[in-house]
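One structure is given here, and the rest of the page talks about it.
The values are calculated or read from the model by the stated rules, or taken from the named source; none is laboratory data. Worth saying up front: this structure is predicted, and the values here are computed from it rather than measured. Here the Cβ positions follow ideal geometry from the backbone for every residue, glycine too, while neighbour counts run over all protein chains shown.
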Amino acid sequence: METRLRGGAEVVLRSGRPDLVYQEVYALLCVYQAIRALIVAGAEHADLDPDRISFTRTLQAAARHVSDDAAFSP
């Protein structure tokens, strides 16, 4: 799993119960898949090989466009 999704290797999962750990890992996998889908869509649009597009730079670009409202718990 990409440690960049969690904020680095030093950041641990926040969940304390096993069922919540599964939920958090599933959410990270969903975000990873969404970033990869953005990479593929962008590569097709630019007629590039998706392997030539950086995951980290795509994640940073997506993070710049995410609303701050999503950063806090409802």
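Look through the range 51-61, keep the residues that are of a type in the set (Ser, Thr, Tyr) and outside any loop (DSSP other than H, G, I, E, B), and return whichever of them is surrounded by the most Cβ atoms within 10 Å (Cβ to Cβ).
58
When only residues in the range 24-50 that are surrounded by 14 or more Cβ atoms within 10 Å (Cβ to Cβ) and of a type in the set (Gly, Ala, Ser) count, which is farthest from residue 61 (Cα to Cα)?
43
Tell me whether the range 9-18 contains one or more residues that are at pLDDT below 85, out of contact with any helix residue (DSSP H, G or I) (no Cβ under 6 Å at 6 or more places or on another chain) and surrounded by 10 or more Cβ atoms within 10 Å (Cβ to Cβ).
Initial filter on the range 9-18 (at pLDDT below 85): 9-18.
Retained after the next criterion (residues that are out of contact with any helix residue (DSSP H, G or I) (no Cβ under 6 Å at 6 or more places or on another chain)): 10-12, 14, 16-18.
Narrowing further to those that are surrounded by 10 or more Cβ atoms within 10 Å (Cβ to Cβ): 11.
Among the residues of the range 9-18, at least one is at pLDDT below 85, out of contact with any helix residue (DSSP H, G or I) (no Cβ under 6 Å at 6 or more places or on another chain) and surrounded by 10 or more Cβ atoms within 10 Å (Cβ to Cβ), which makes the answer yes.
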